[in-house]
Amino acid sequence: MTTMPDTQTQGNASSPDGDILLEVKNLKMYFPVSSGMLFQRTVAHIKAVDDVSFFVKRGETLGLVGESGCGKTTTGRCILQLYKPTGGQVIFEGQNLMELSSRQMRAMRREMQVIFQDPYSSLNPRMTAGNIIGEPLVVHGLVHSKAEYRERVADLLQNVGLNPYMADRFPHEFSGGQRQRIGVARALSVAPKFIVADEPVSALDVSIQAQIINLLEDLQEQFNLTYLFIAHDLSVVRHISDRVGVMYLGHIVEMADRNEIYVNPIHPYTKALLSAVPIPDPVIDAQRERILLTGEVPSPLNPPSGCVFHPRCPIVIDECSQVFPELREVAPNHWAACIRADGYGSY
C-alpha cells in the first residue's frame, strides 16, 4: 500500500494550537457581466459567493450543502485558486493563498487536491487509468524511475479498490463508480493534506454512492485527510461530515455539528431542506412537518435586499427585507443568519 510522507505541523495565525488547517475569511467571487459587441464594458456582477467565512480543522470533514447554483462549487474552486477570488482571504496552514505567485501556488497544489463531480468528463479519454493517476507524480517529481512509477500507480489502484492490471485500460472501459475511484486515486497520488470533494457521488447509482462514501472515510482514517465535502444530498452529508454548513445564494446561512443541525435546525431554509429528505419509516414521515418553499431561487445577478432568503421564507417579516442578518452564534457552536433566530424554537 502507498503510504503518505510525514508532514510537519505548522502554526496558524488564527489558531495557536495549529488545529485549523484551512480558514476562509470574507470570501467573495463576483463574475463580471459584459455588454457591447466591440467595446465591451462591465455592466453588472454575478455574486456567486458573497462574504463567506468558515474554517476546517485537521482531519475533519466539513459538509457544504444547498440547492444548485448557491455557490458551493465556486467556493471550493476559489479555495483551490482555480478561480481567482474577487476578495477575502484563503489561509492554508498560515499562508494566504491569494498572495502566492503562480510558481508558489503550483507547489502548494500538492497539498490540496480535488475530486470532481462527473467521473465521465473529468478523465482524459485518451489516457489510460495508469497515466491519469501517475501524471501528478511526474508533474511534481515524486518518482525517479519507471519501476517506481509503476509501483506507485499499482499501490494507488489498490488503495481505491481496483486491481493493478486495470492500469492499462482506458476510461470508457470502466463503470461510473470505477471511474470515480480513479479520480480519487489521482487526488491521492501526491499525498495531499486537504481534498475538495465536489459532489463526488451525485452522478452515481445509490448503491455505488455508499461504496464511494465508505472508501472516502477509510482513506481519511488511513491517511489523515481533511475534506471539504460539497453535496446537495443531506443524508449523504450527515453520514460523512463532522460539521455541516448550509449555503443559499452565495451566503452561509447556518453551520453546526452534523447531528445538531439535523436535530435542531434553526434557519428556515435548513428546515425546508431537511423536510424534503425522505424517511424510511412511513409513520414518522407522515407526522413530520412539511415546509414547501414558494418561488424560485433569486438570480445572483440581482439578489434581494436584506436577507437573501426573505422572498421565499415562510416566517418572513417586514424587517427581513431591510436588514441583512449576520451569521451569529445562536447556541453553543451553532451559527445561523436569521434575525428571528435567537435560540432553539424561537419562532
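Within segment 63-97, restricting attention to residues that are among the hydrophobic types (A, V, I, L, M, F, W, C) and not in a loop (DSSP other than H, G, I, E, B), the residue that is nearest to the chain's Cα centre (by Cα) is 64. Going by what's in this entry, would residue 279 be described as surrounded by fewer than 23 Cβ atoms within 10 Å (Cβ to Cβ) and either at pLDDT 90 or above or assigned to a loop (DSSP other than H, G, I, E, B) (or both)? Yes: the conditions hold for residue 279. Evaluating residue 70 against the criteria (1) buried (at least 18 other Cβ atoms within 10 Å of the Cβ); (2) under 15 Å from residue 24 (Cβ atoms) leaves one unmet condition, (2). Looking only at segment 124-175, residues that are surrounded by 15 or more Cβ atoms within 10 Å (Cβ to Cβ), of a type in the set (Gly, Ala, Ser) and farther than 28 Å from residue 105 by Cβ come to 3 in all. The listed residues are 214, 259, and the only one of them that is part of a helix (DSSP H, G or I), under 16 Å from residue 115 (Cβ atoms) and at pLDDT below 95 turns out to be 214. For segment 284-336, taking the residues that are in a loop (DSSP other than H, G, I, E, B) and of a type in the set (Asp, Glu), the one that is modelled with the highest pLDDT is identified as 326.
The values are calculated or read from the model by the stated rules, or taken from the named source; none is laboratory data. Please read all numbers here as calculations on a predicted model, not as lab measurements. FYI the Cβ positions are ideal-geometry reconstructions off the backbone, even for glycines, and counts take in every protein chain you see.
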